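One structure below.
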Amino acid sequence: MLRLGCCLWMLALVGCAQVQDGPAWELVFAEEGDGEQGAAPDPAKWVHDIGGWGWGNQEPQTYTPGNDNAFYDGNGMLIIEARRENRTGEDGIAAEFTSARIKTQGIFSQRYGRIEGRLKLPEGQGIWPAFWMLGDTITSEGWPACGEIDIMELLGHKPHEVHGTLHGPGYSAGAGLQGSYHLADGGSFADGFHVYAVEWEPKEIRWYVDGELYHTRTPEDAGLNEWAFEVPHFVILNIAVGGAWPGYPDETTQFPQQMLIDYVRVYRDQNLAYDDAELAAYHEARKANHILVEQAKLEAVLEPKPIPGVVQAAHFRPGGEGVGYHDADAANQGSGAFRQSEGVDLGYCSQEGVDFSVGWTSPGEWLAYDLDVQQAGKYQVTAHVACKGPGGVLQLDLNGQPIGEAAVIPDTGDWQNWQTVSLGVVELEQGAQVLRLTMPEGSAAGVVGNVSQLVFEIAE
């Protein structure tokens with residue numbers, strides 16, 4: 001292990017911090033990999049998550065206890081090993097793979113500081129190593145309200161790229177606040193050790209690889225949402241196998257796969273002083289400012305839409321539940337960057353010229369749009385849609401009556417792979433009209449799909 005070099009690196013950090021009146025790092029937690037060969041992770045520092053219930057991502061591995069898949073090698077390394085082997089886990093669920101997920105929950109957690117690990121990562125299709133943190137409030141508030149700080153994640157089929165991400169209420173899963181780091185030479189993070197770190201302050205979190213800053217997030221990025229990073233978080237290390245995000249192992253994936261953990265160290269800043277009352281006031285002012293910004297945006301985009309023309313799905317009429325829309329729940333499940341105070345679930349959109357799309361849709365929901373029809377007549381209407389898996393049904397409604405044709409949203413391969421479906425030809429009178437886009441049916445899984453925009457063209 002690179003003890004001397006790492007110590008000199010930290011002394012340099014502390015020394016510079018003292019000269020510049022910056023951070024003065026004090027080591028408060030350390031895993032140095034010094035266990036006996038074959039021994040389980042130190043129970044004074046780590047506990048295991050166990051089981052094979054999918055872990056919210058349809059993962060086919062079971063996490064095991066003890067030293068089955070997490071152990072010291074006797075040479076200064078803690079190892080997590082994923083294997084292809086059939087096993088019925090401690091929870092009675094049969095699995096195709098085994099791995100380990102260890103955490104400091106209930107033993108150690110911290111609010112703010114520097115959290116770093118020197119790791120050598122596994123690689124291969126379907127392999128997903130992670131070094132991350134969850135808020136202590138997960139037991140009372142659940143995820144994502146508890147907050148999640150992903151210090152490092154790697155998708156094994158992209159071994160040259162790691163991600164750092166924040167998840168919280170309104171910015172979780174695919175809408176997480178993410179940044180990525182690529183090896184300059186295009187090599188693999190599996191070829192050697194690298195130091196992955198975050199530095200967490202009251203109003204800023206920064207991500208580093210080998211001392212190089214590559215990503216920064218602040219509460220402003222949460223928009224109107226709660227900033228979920230004012231509570232202590234505990235540390236987690238694991239290798240997931242398969243699941244919805246990395247995809248599943250294939251014939252190219254080699255097993256076993258190991259994550260070598262040279263060390264994990266957590267520091268607190270002895271110079272850091274903060275006031276919870278001041279922070280609470282700051283967050284309230286931040287959210288109030290975002291409300292004003294959102295209102296200005298709405299005034300600009302929610303004028304009646306001229307027809308023929310394009311209507312963005314996120315530009316439904318104002319008025320709230322029962323007037324501008326009907327949504328199955330009161331919360332905006334999307335990115336939090338637009339119309340967060342309303343219940344329609346909006347996410348960032350990859351389609352050119354469209355900032356936000358409507359997603360997380362359920363049967364029975366609807367959206368209403370104020371139209372300014374320039375010329376009475378017949379219009380061909382199309383919708384731009386996306387769905388990962390079979391989708392549900394869209395139907396236009398005018399004055400409480402279905403018009404045009406019902407359209408089934410196809411499986412487009414991903415939530416941001418956009419295709420066009422026809423909603424038929426509709427006849428509109430000149431002047432102001434209120435048109436609804438309804439979602440009368442879902443797929444067998446209860447999914448409708450994403451909608452980015454409606455296009456109205458004069459019918460031939």
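Only one of these is surrounded by 21 or more Cβ atoms within 10 Å (Cβ to Cβ), in contact with a Cys (Cβ under 9 Å, 6 or more places away or on another chain) and either under 28 Å from Ile458 (Cα atoms) or at pLDDT below 95 (or both): Ala337, Ala314. Name it.
Ala314
From Glu278, Glu251, Glu294, grab the single residue that is of a type in the set (Asp, Glu), modelled with pLDDT of 90 or more and not assigned by TED's automatic domain parsing to the domain that holds Lys120. Just one listed residue meets the conditions, Glu278.
Tyr263 falls short on exactly one of the conditions (1) in a loop (DSSP other than H, G, I, E, B); (2) over 26 Å from the mean Cα position of the chain (by Cα); (3) closer than 29 Å to Gly124 by Cα, and that condition is (1). Among all residues of region 61-71, there is none that is within 30 Å of the chain's Cα centre (by Cα), within 21 Å of Gly243 (Cα to Cα), of a type in the set (Phe, Trp, Tyr) and not in a strand (DSSP E or B). Would you call Leu437 part of a strand (DSSP E or B) and within 17 Å of Asp345 (Cα to Cα)? Yes.
Specify the residue that is farthest from Ile291 (Cα to Cα); the eligible residues are those in region 208-230 that are among the hydrophobic types (A, V, I, L, M, F, W, C) and modelled with pLDDT of 90 or more.
Initially, region 208-230 is screened for residues among the hydrophobic types (A, V, I, L, M, F, W, C), giving 209, 213, 222, 224, 227-229.
When the remaining residues are screened for being modelled with pLDDT of 90 or more, the result is 209, 213, 227-229.
Details: Val209: 36, Leu213: 31, Trp227: 15, Ala228: 19, Phe229: 21 Å.
If we take residues in region 208-230 being among the hydrophobic types (A, V, I, L, M, F, W, C) and modelled with pLDDT of 90 or more, then Val209 is farthest from Ile291 (Cα to Cα).
For region 370-419, a residue qualifies if it is of a type in the set (A, V, I, L, M), within 15 Å of Glu457 (Cβ to Cβ) and touching a Pro at 6+ places or on another chain (Cβ under 9 Å), and the qualifying residues are Leu371, Val373, Leu396.
Please specify each residue of region 290-302 satisfying the condition of being touching a residue at least 12 places away in the same chain (Cβ under 8 Å) and surrounded by fewer than 16 Cβ atoms within 10 Å (Cβ to Cβ). Write out each step before concluding.
If we filter region 290-302 for residues that are touching a residue at least 12 places away in the same chain (Cβ under 8 Å), which is where we start, we get 290-291, 294, 297-298, 301-302.
Selection gives Ile291, Lys297, Leu298, Val301.
Selection over region 406-434 of residues that are part of a loop (DSSP other than H, G, I, E, B) and more than 24 Å from Arg317 (Cβ to Cβ) gives a count of 8.
The rows are residues; the columns are (1) more than 28 Å from Ala222 (Cβ to Cβ); (2) part of a loop (DSSP other than H, G, I, E, B); (3) assigned by TED's automatic domain parsing to the domain that holds Asp411; (4) touching a residue at least 60 places away in the same chain (Cβ under 8 Å).
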{"residue": "Val311", "(1), (2), (3), (4)": "yes, no, yes, yes"}
{"residue": "Phe316", "(1), (2), (3), (4)": "no, yes, yes, no"}
{"residue": "Ala330", "(1), (2), (3), (4)": "no, yes, yes, no"}
{"residue": "Gly334", "(1), (2), (3), (4)": "no, yes, yes, yes"}
{"residue": "Val385", "(1), (2), (3), (4)": "yes, no, yes, yes"}
{"residue": "Gln395", "(1), (2), (3), (4)": "yes, no, yes, no"}
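The set of residues in region 141-154 that are of a type in the set (A, V, I, L, M, F, W, C) and modelled with pLDDT under 95 comprises Trp143, Ala145. Across region 217-244, the number of residues qualifying as part of a loop (DSSP other than H, G, I, E, B) and of a type outside the set (D, E, K, R) comes to 12. Could you please let me know if Tyr214 is in a strand (DSSP E or B) and in contact (Cβ under 8 Å) with a residue 40 or more places away in the chain? Answer is yes for this residue.
Which residue is farthest from the chain's Cα centre (by Cα), if the candidates are limited to region 341-352 and must be crowded, with 21+ Cβ neighbours inside 10 Å and not β-branched (Val, Ile, Thr)? Ranking the candidates gives Glu342 first.
For Gly391, indicate whether it is closer than 19 Å to Ala314 by Cβ, surrounded by 15 or more Cβ atoms within 10 Å (Cβ to Cβ) and among the small types (Gly, Ala, Ser). Please lay out each step first, then the result.
Values: closer than 19 Å to Ala314 by Cβ: yes; surrounded by 15 or more Cβ atoms within 10 Å (Cβ to Cβ): yes; among the small types (Gly, Ala, Ser): yes.
Yes, satisfied.
Can Gly74 be described as modelled with pLDDT of 95 or more, within 19 Å of Trp46 (Cα to Cα) and surrounded by fewer than 22 Cβ atoms within 10 Å (Cβ to Cβ)? Explain how you work it out, then say what you get.
On the way: modelled with pLDDT of 95 or more: yes; within 19 Å of Trp46 (Cα to Cα): yes; surrounded by fewer than 22 Cβ atoms within 10 Å (Cβ to Cβ): yes.
Spelling it out, Gly74 is indeed modelled with pLDDT of 95 or more, within 19 Å of Trp46 (Cα to Cα) and surrounded by fewer than 22 Cβ atoms within 10 Å (Cβ to Cβ).
Scan (1) among the hydrophobic types (A, V, I, L, M, F, W, C); (2) closer than 28 Å to Ile205 by Cα; (3) part of a loop (DSSP other than H, G, I, E, B) for the single condition Phe255 breaks and write down its number. So Phe255 meets the others, but not (2).
Let's see how each residue does on (1) within 19 Å of Ser357 (Cα to Cα); (2) at pLDDT 95 or above; (3) within 27 Å of the chain's Cα centre (by Cα):
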{"position": "Asp414", "(1), (2), (3)": "yes, no, yes"}
{"position": "Thr438", "(1), (2), (3)": "yes, yes, no"}
{"position": "Val448", "(1), (2), (3)": "yes, yes, yes"}
{"position": "Leu454", "(1), (2), (3)": "yes, yes, no"}
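Using the structure shown, decide if Thr438 is surrounded by 14 or more Cβ atoms within 10 Å (Cβ to Cβ), in contact with a strand residue (DSSP E or B) (Cβ under 6 Å, 6 or more places away or on another chain), within 14 Å of Gly364 (Cα to Cα) and among the polar types (S, T, N, Q). So Thr438 passes the test. Screening region 41-60 for residues that are assigned to a loop (DSSP other than H, G, I, E, B), of a type in the set (A, V, I, L, M, F, W, C) and over 12 Å from Glu90 (Cα atoms) and picking the one that is modelled with the lowest pLDDT gives Trp55. If the condition is being buried (at least 17 other Cβ atoms within 10 Å of the Cβ) and among the charged types (D, E, K, R), then region 360-377 contributes Glu365, Asp370. Residues in region 102-119: is at least one surrounded by 23 or more Cβ atoms within 10 Å (Cβ to Cβ) and outside any strand (DSSP E or B)? No, that holds for no residue.
The values are calculated or read from the model by the stated rules, or taken from the named source; none is laboratory data. What you see is a predicted model, and the numbers here were worked out from it, not measured in a lab. Here Cβ is always computed from backbone atoms with ideal geometry, including for glycine, and neighbour counts include all displayed protein chains.
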